[in-house]
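Here the structure comes first, spelled out in structure tokens, and everything after it is commentary.
The values are calculated or read from the model by the stated rules, or taken from the named source; none is laboratory data. Not measured: the values here are computed from a predicted model. Cβ: placed from backbone, ideal geometry, glycine included. Neighbour counts: every protein chain shown. Please note that ligands, DNA and RNA were not included when accessible areas were found on the heavy atoms of the full protein model with its side chains. Shrake-Rupley method; radii C 1.70, N 1.55, O 1.52, S 1.80 Å.
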Amino acid sequence: MVPKPVNPAAVPGGREGARLRRASLYLAALAVAFLIGFVPMWLQARMQLSETRALQAQLNVVRLENSLAAAALLAGRGEYEPARDAMTRFYADLQVQVDHPNSMFGPEQKDGLRAALSGRDELITLLARSDPAAAERLAALYATQRPLLRQVPGVLPN
């Protein structure tokens, strides 16, 4: 009896097994190389996102303060219509910040800022009528609200 020739592909651990091991080794090396490049970039992206959120909070505070200061300045110069526009922006932005659940303002600050919102209609009406008393009211409002706006932790120095 003559022995049958052995097919090397059919032998466990033969050429096919070696190819499979080599391919899985290459895939594992590729995955490790991908992770070595991905993880630092992912960490950097998270850090950048954190910085972007902090800068956005600063920008929101500066916008609020700028709108209020601009309205006070414009009303003091007798430019009531641009002052009214600035106050409308201020009140709209302030309302968003006060009502937002993830607001940058704390509960005490929100209470103080809500006091500013309570006089919104009266102040806008004074500006619409070009009443000189609006300039004094805006200056007083700026003096009381500026410290509240500056109390956001880590945003702006007092």
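Figures for the structure shown
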item: Filter pass, Asp93 being open to solvent by 50 Å² or more (accessible area, probe 1.4 Å) and over 22 Å from the mean Cα position of the chain (by Cα); result: no
item: Close pairs from the stretch 45-69: first in contact (Cβ under 8 Å) with a residue 12 or more places away in the chain and among the basic types (Lys, Arg), partner part of a helix (DSSP H, G or I) and open to solvent by less than 60 Å² (accessible area, probe 1.4 Å), Cβ under 9 Å, at least 6 apart; result: Arg63/Phe90
item: Glu81 being touching a Leu at 6+ places or on another chain (Cβ under 9 Å), within 30 Å of Arg137 (Cα to Cα) and open to solvent by 60 Å² or more (accessible area, probe 1.4 Å); result: yes
item: Condition broken by Leu149, with the remaining ones in (1) open to solvent by 30 Å² or more (accessible area, probe 1.4 Å); (2) at pLDDT below 90; (3) not polar (S, T, N, Q) satisfied; result: (1)
item: Members of the stretch 96-122 that are of a type in the set (Gly, Ala, Ser) and either touching a strand residue (DSSP E or B) at 6+ places or on another chain (Cβ under 8 Å) or open to solvent by 90 Å² or more (accessible area, probe 1.4 Å) (or both); result: Ser118
item: Qualifying residue in the stretch 29-48 (condition: in contact with a Pro (Cβ under 9 Å, 6 or more places away or on another chain), over 19 Å from Arg146 (Cα atoms) and open to solvent by less than 100 Å² (accessible area, probe 1.4 Å)); result: no
